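The next block holds one structure in the form of structure tokens; read it before the comments.
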Amino acid sequence: MARAISPLLIFRLVLKPNEVFQNLAVSRPSAGEVFFKLVVWMIALPPMFAWFGSLNFGWRLGATEPLVLSTAELAGISIGYYFTLLFGFISTALVSRWMSVTYKARESLGIHFAMIAVVGAPLAVGSVIHLYPDVFVNILVLVPTLIWSMYLLYKGLPVVLRIEPERGMLMASALIGYLLVAFVSLLGLTVMLWGFGIGPRVGI
């Protein structure tokens with residue numbers, strides 16, 4: 001069980017994804033074990049990389065000069081980034097567990113935590129590109145990484161949750177639909193907060 005959710009699973013996922021899914025399929029991790037041994041550290045990678053990259057280079061948004069923010073602003077954005085990712089992870093795992101009743105899948109919260117952590121691992125590793133905070137370069141790296149995570153979701157969900165491939169495909173599609181709605185809602189909330197003057201000053 002411990003081996004199935006160790007931090008090394010990120011590397012095993014690249015080399016032997018089927019083995020990772022099979023290990024999870026026969027394991028019964030607790031939600032707390034997955035959360036504190038893996039998730040809180042894995043989710044810290046993107047904000048940490050973004051903080052170091054922004055501090056040293058500033059964000060490049062195109063042909064204009066790099067956007068350089070103060071240390072206090074970077075700290076606030078990084079903390080907000082971390083808790084946004086944390087909320088996204090927990091809410092996605094809870095939605096996945098809620099859907100499991102409909103799709104007759106495993107209902108243990110721990111296994112849903114583990115599955116979402118495994119699926120999100122490539123994005124956490126790919127976020128190392130934040131060390132070079134150029135928007136175009138980040139998109140160039142993170143879009144293929146996102147596609148890889150989606151592939152893992154479709155491939156691994158029916159194995160880990162022990163359901164038929166057809167049900168797994170439907171459940172994975174429903175989860176992606178939830179994530180798309182959540183992402184658009186987050187963008188809308190960000191624009192609204194900036195409209196009220198809450199956020200970094202980026203005006204020229």
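Where a number appears in this text, it was derived from the coordinates with a stated rule and is not lab data. Everything numeric here is computed off the predicted structure, so don't read it as measured data. Every residue, glycine among them, receives a Cβ derived from its backbone with ideal geometry; neighbour counts consider all protein chains shown.
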Item to check | Cβ-Cβ under 7 Å pairs, at least 6 apart or on other chains, the range 146-173 side of a type in the set (V, I, T), far side outside any helix (DSSP H, G or I) | outcome: I163/K104; I163/A105
Item to check | Cβ pairs under 6 Å, 6+ apart, first in the range 112-123 and under 11 Å from F35 (Cα atoms) and in contact (Cβ under 8 Å) with a residue 24 or more places away in the chain, second of a type outside the set (D, E) and not in a helix (DSSP H, G or I) | outcome: A114/P29
Item to check | Residue satisfying condition, being out of contact with any helix residue (DSSP H, G or I) (no Cβ under 7 Å at 6 or more places or on another chain), among the aliphatic types (A, V, I, L, M), closer than 30 Å to A25 by Cα and surrounded by fewer than 15 Cβ atoms within 10 Å (Cβ to Cβ), within set V128, V101 | outcome: V101
Checklist outcome for this item: When the range 36-65 is checked residue by residue, the ones that are under 21 Å from the mean Cα position of the chain (by Cα) and basic (K, R) are K37
Checklist outcome for this item: If we ask which residues in the range 153-171 are part of a helix (DSSP H, G or I) and surrounded by 21 or more Cβ atoms within 10 Å (Cβ to Cβ), their number turns out to be 7
Next on the checklist: Could you tell me how many of the residues in the range 126-135 are touching a residue at least 24 places away in the same chain (Cβ under 8 Å), assigned to a helix (DSSP H, G or I) and not hydroxyl-bearing (S, T, Y)?
Outcome noted: 5
Item to check | Test: residue in the range 35-42 that is more than 17 Å from Y132 (Cα to Cα), β-branched (V, I, T) and either surrounded by fewer than 17 Cβ atoms within 10 Å (Cβ to Cβ) or touching a strand residue (DSSP E or B) at 6+ places or on another chain (Cβ under 9 Å) (or both) | outcome: yes
Checklist entry - Give me the pairs: first residue in the range 70-90 and in contact (Cβ under 8 Å) with a residue 60 or more places away in the chain and more than 18 Å from L175 (Cβ to Cβ), second residue among the aromatic types (F, W, Y) and surrounded by 15 or more Cβ atoms within 10 Å (Cβ to Cβ), beta-carbon distance under 9 Å, and six or more apart or on different chains, which are they? => result I77/W51
Item to check | Qualifying residues in the range 138-147 (those that are surrounded by fewer than 19 Cβ atoms within 10 Å (Cβ to Cβ) and touching a helix residue (DSSP H, G or I) at 6+ places or on another chain (Cβ under 7 Å)) - the one nearest to K104 (Cα to Cα) | outcome: L146
